[in-house]
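These notes are about the structure you will find just below.
Laboratory data are not the source of any read-out in this text; all were calculated from the coordinates shown. Computed from a prediction, not measured in an experiment: that's the story for all the values here. Here the Cβ positions follow ideal geometry from the backbone for every residue, glycine too, while neighbour counts run over all protein chains shown.
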Amino acid sequence: MTVVVWRSIGAVALVLGPLSGTAALAATADVSNVKVAFLMPDEASTRYEEHDRPGFVAEMKKLCPGCTVLYQNADADASRQQQQFNSVISQGAKAIVIDPVDSTAAASLVKQAQSQGIKVIAYDRPIPSAKADYYVSFNNEQIGKTIAQSLVKHLKATHVPTRGVGVLEVNGSPTDAAAGLIKKGIHEGLATSGYRTLAEYDTPDWIPTKAQQWVSGQISRFNKKIVGVVAANDGTAGGAIAAFKAAGVDPVPSVTGNDATVAGLQLIIADDQYNTISKPSEVVAAAAANVAYGLLKGETPKADTTLFDTPTQLFTPTLVTASNIKTEIVEKMVNGKPIETPAVLCTDRYAAGCTKLGITN
């Protein structure tokens with residue numbers, strides 16, 4: 001027997017890894033008709049509905065046609081996620097994949113489920129204070145470091161001076177442990193850049209309008225001293241860009257992002273956002289499905305590392321800028337489909353930018 005372990009993203013992203021120990025011999029549990037829960041944290045990012053959920057459901061259907069996926073989205077409400085967690089347990093879920101709203105609060109949920117023999121897979125965001133059965137994610141610390149270093153390289157290539165200026169840092173939610181890892185990576189990426197961090201902000205629940213409000217205040221405070229913004233995802237990047245535009249700043253300083261959302265990619269096409277991170281959520285969702293299925297069968301999925309005392313599989317993210325958006329987003333295939341198509345990206349005011357970047361003729 002083997003369990004799927006995902007190691008890198010490309011046209012073919014599936015790599016099979018052997019089970020550890022004697023787990024293969026013990027894999028006798030019948031999981032042909034079980035319930036598996038997939039609990040996502042918020043609706044502020046479109047990725048969960050458009051990519052994570054479909055990817056998980058599709059893979060579970062392939063692995064176990066008779067299994068049932070119980071899907072819930074907490075809409076950034078930790079109390080609601082706790083209710084949803086209790087609900088799927090009462091409905092008979094034997095494994096729960098959870099992307100926690102509040103990583104600290106989720107620790108009690110892990111212990112509650114495990115006390116009843118239910119497997120728990122931390123997804124995207126780790127749960128530092130409880131040992132889940134497995135953790136599946138992109139390398140969040142590397143994401144932060146990559147977007148920050150990319151911005152610094154761009155600023156220096158365009159001869160932006162370091163003296164008397166600096167950058168803003170717009171982090172993710174303070175209750176999200178993955179946001180903390182991204183923040184750590186950003187700090188590493190900026191540490192030796194020569195650009196001072198003028199101010200930084202932890203965005204409550206990753207809400208773009210909160211990021212916009214904060215950046216607006218910093219524009220009033222620092223004005224032309226701001227030469228760049230390291231934003232931890234595309235939503236907060238969009239909020240930052242909106243703040244500059246509302247203040248009449250032209251051109252908008254270079255802004256980073258993460259998640260390769262349609263909105264973020266379109267901002268890159270429009271030359272409003274400098275970079276983002278491509279991390280096809282379908283891939284990680286499929287990996288989580290394989291891990292859940294393997295654990296239920298009594299198998300031990302092989303881990304690359306251990307993070308927060310939990311066996312962990314981390315995926316390598318891909319940096320996207322205007323220079324490679326065509327190859328990394330439009331031409332790269334995941335599960336037989338492009339990550340995004342020109343028909344989706346090149347609408348209305350983005351059509352000219354798509355032509356300029358060679359995405360369309």
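The table for this structure:
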| read-out | value |
| --- | --- |
| Sequence-distant residues sharing a close amide H with THR175 (under 5 Å, placed H) | ASP205 |
| For segment 122-227: rounded, prolate or oblate by the Cα gyration tensor [a/c cutoff 1.5] | oblate |
| Cut-off 15 Å, label 7 Å out along Cα→Cβ of THR321, residues of segment 133-159 by amide N | 146-159 |
| Descending semi-axes in whole angstrom, ellipsoid equivalent of the chain, from the Cα gyration tensor | 37, 22, 18 |
| Alpha carbon convex hull of segment 53-193, projected area averaged over orientations, nm² | 10.7 nm² |
| Among ILE186, ILE339, ILE147: highest mean-square fluctuation, GNM of the chain, C-alpha pairs under 10 Å | ILE339 |
| Aspartates and glutamates with Cα under 19 Å of LYS302, excluding same-chain neighbours fewer than 8 positions away | GLU59, ASP124, ASP133 |
| Phi-based couplings in Hz for segment 304-311 (Karplus 6.51, -1.76, 1.60; Gly and Pro marked x) | 7, 7, 10, 10, 6, 6, 10, x |
| Nitroxide proxy distance, nm - points 7 Å out along Cα→Cβ at GLU50 and ASP250 | 2.8 nm |
| Residue exposure sequence - MET60, MET40 - by fewest surrounding Cβ within 10 Å | MET60, MET40 |
| Angle between the chain longest axis and helix 208-222 axis [Cα atoms, degrees, rounded to 10] | 30 degrees |
| Helix-only mean residue ellipticity at 222 nm for the chain, each DSSP H run of n ≥ 4 adding -39500 (n - 2.57), per residue, nearest 500 | -11000 deg cm²/dmol |
| Helix 140-157 axis, angle to the chain major axis (alpha carbon atoms, nearest 10°) | 20 degrees |
| Residue order, fewest to most beta carbons within 10 Å, for ASP77, ASP176 | ASP77, ASP176 |
| Separation of the ASP271 and SER90 label points, Cα + 7 Å toward Cβ, nm | 5.7 nm |
| Candidate lysines - alpha carbon under 29 Å from LYS297, same-chain residues fewer than 8 apart omitted | LYS35, LYS61, LYS62, LYS94, LYS111, LYS119, LYS131, LYS279 |
